[in-house]
Amino acid sequence: MPDPAFTVFPVVKLSVIVPFYNVQQYAPDTLKSLRANARDDFEFILVDDCSRDETPDVLARAERELPGAVHVRHEKNGGLATARNTGIDRARGEYLTFLDGDDWLAPGYYPRLLSVIEGLGCDFVRTDHVQCTGRARSVHRVPHGRRAVVLDPREAILPADRSTSVDYPYAWAGIYHRRLVDRGLLHFTDGLRTAEDRPWIWRLHREAQSFAVTGLLGVHYRRGVASSLTQIGDVRQLDFIRAFDQVVEETAKDRAADRLLPKAVRTYCAIISHHLGSIERFEPPVARKLKSLSAAALRRMPQGVLDDALDSMDVQRATRLRRLRRRPVATGAAA
């Protein structure tokens, strides 16, 4: 009988972290696509974030049937950020990537993606993806023109008035070297239930040393799922304020804060304006809280940078935000 102290575990090349929450309808397609991407040196960490439907049973079967699958269950629902962190902490791979429990992959996508990052030798690679809304399909591309070239991620944050790589925050649209985990750059902010990838993508671009973009398609992002937070107007949506407060606070400490803060503040303003522009989808108490918290957020921003950001925006959005900025803020308003 072998001595457990000398047990040799197989080398894991890629860890795939997949959070699931109440997605029994879609999980079988997700898991089938993972089987079509399995390899002896891949592991699939299936994190059930305390689902209340039949998702745990689906994942228990997958642990038996999917090569390399590990099923982890939360005893309490913690949200997407916390579920991803659970997966990161369990991951043994040289590289890591993510998938959401209601999305799916093209066959053989992960081996090709792994080959791309190994060939480039950079910290992380960002990819295009296919958005699926009902039967409609559309390709969404990383907003960066240079492909298959190793670049400085800091240089992909700007310009402030155009969509850049930090505006394409999807964690599943990429692959990441383990050294990012070792440097404390890959974990998410625990407890964020929406916009969890915004502080994450900003930190990657500020602090990682190298990245690249590839046009490789393989992730199919299912949009319009009824249980998705992007479709639900409840209080969890307001976590975007905590997320962007973190972006602004951390960017303000950067050595190039004078260059980068205008981008962070302008993006924050654009997101606030977006939510105000569709405020009717929120429950009435949440809509009132959205206005109050957003007004407080505008007061917290660096005011000179905010003035410049509003001056650079179109009249409709700038007027909406200036009006909100003048709104009285209740004492203690916080996200």
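The values are calculated or read from the model by the stated rules, or taken from the named source; none is laboratory data. This one's a predicted model, so the numbers in the text were calculated from it and none came from an experiment. Don't worry about glycine lacking a Cβ; one is built from the backbone with ideal geometry, like all the others, and counts go over all protein chains shown.
Couple of notes before you dig in:
- Residue in the stretch 243-258 that is touching a residue at least 60 places away in the same chain (Cβ under 8 Å) and under 25 Å from Gly145 (Cα atoms) present: yes
- Single match in Asn37, Asn77 (criterion: part of a loop (DSSP other than H, G, I, E, B) and either in contact with a strand residue (DSSP E or B) (Cβ under 8 Å, 6 or more places away or on another chain) or at pLDDT below 95 (or both)): Asn37
- Filter pass, Glu63 being part of a helix (DSSP H, G or I), out of contact with any Pro (no Cβ under 9 Å at 6 or more places or on another chain) and of a type outside the set (A, V, I, L, M): yes
- In the stretch 214-226, the residues that are under 10 Å from His129 (Cβ atoms) and modelled with pLDDT of 95 or more form Cβ pairs under 6 Å with partners that are of a type in the set (Gly, Ala, Ser) and in a loop (DSSP other than H, G, I, E, B), at six or more places apart or across chains, as follows: Gly218/Ala106.
- Of note, Val142 does not satisfy the criterion of being in contact with a His (Cβ under 6 Å, 6 or more places away or on another chain) and over 25 Å from Val12 (Cα atoms).
- Test: residue in the stretch 129-141 that is among the aliphatic types (A, V, I, L, M) and either over 25 Å from Val166 (Cβ atoms) or free of Cβ contacts under 8 Å to residues at least 12 places away in the same chain (or both): yes
- Within the stretch 14-32, not a single residue is at pLDDT below 95 and either polar (S, T, N, Q) or surrounded by fewer than 14 Cβ atoms within 10 Å (Cβ to Cβ) (or both).
Quick grid of which residues meet (1) outside the structural domain of Asp49 (by TED's automatic domain parsing); (2) crowded, with 20+ Cβ neighbours inside 10 Å; (3) assigned to a strand (DSSP E or B); (4) not polar (S, T, N, Q):
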| position | (1), (2), (3), (4) |
| --- | --- |
| Arg193 | no, yes, no, yes |
| Trp200 | no, yes, no, yes |
| Leu204 | no, yes, no, yes |
| Val213 | no, yes, yes, yes |
| Glu249 | yes, no, no, yes |
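- Residue among Asp49, Asp89, Asp103 that alone is of a type in the set (D, E, K, R) and under 18 Å from Val130 (Cα atoms): Asp103
- Index of the failed condition, Arg255 passing every other in (1) within 25 Å of Trp200 (Cα to Cα); (2) in a helix (DSSP H, G or I): (2)
- Out of Leu120, Leu96, Leu113, sole residue that is touching a residue at least 60 places away in the same chain (Cβ under 8 Å), in the same structural domain as Phe211 (by TED's automatic domain parsing), of a type in the set (A, V, I, L, M, F, W, C) and surrounded by fewer than 23 Cβ atoms within 10 Å (Cβ to Cβ): Leu120
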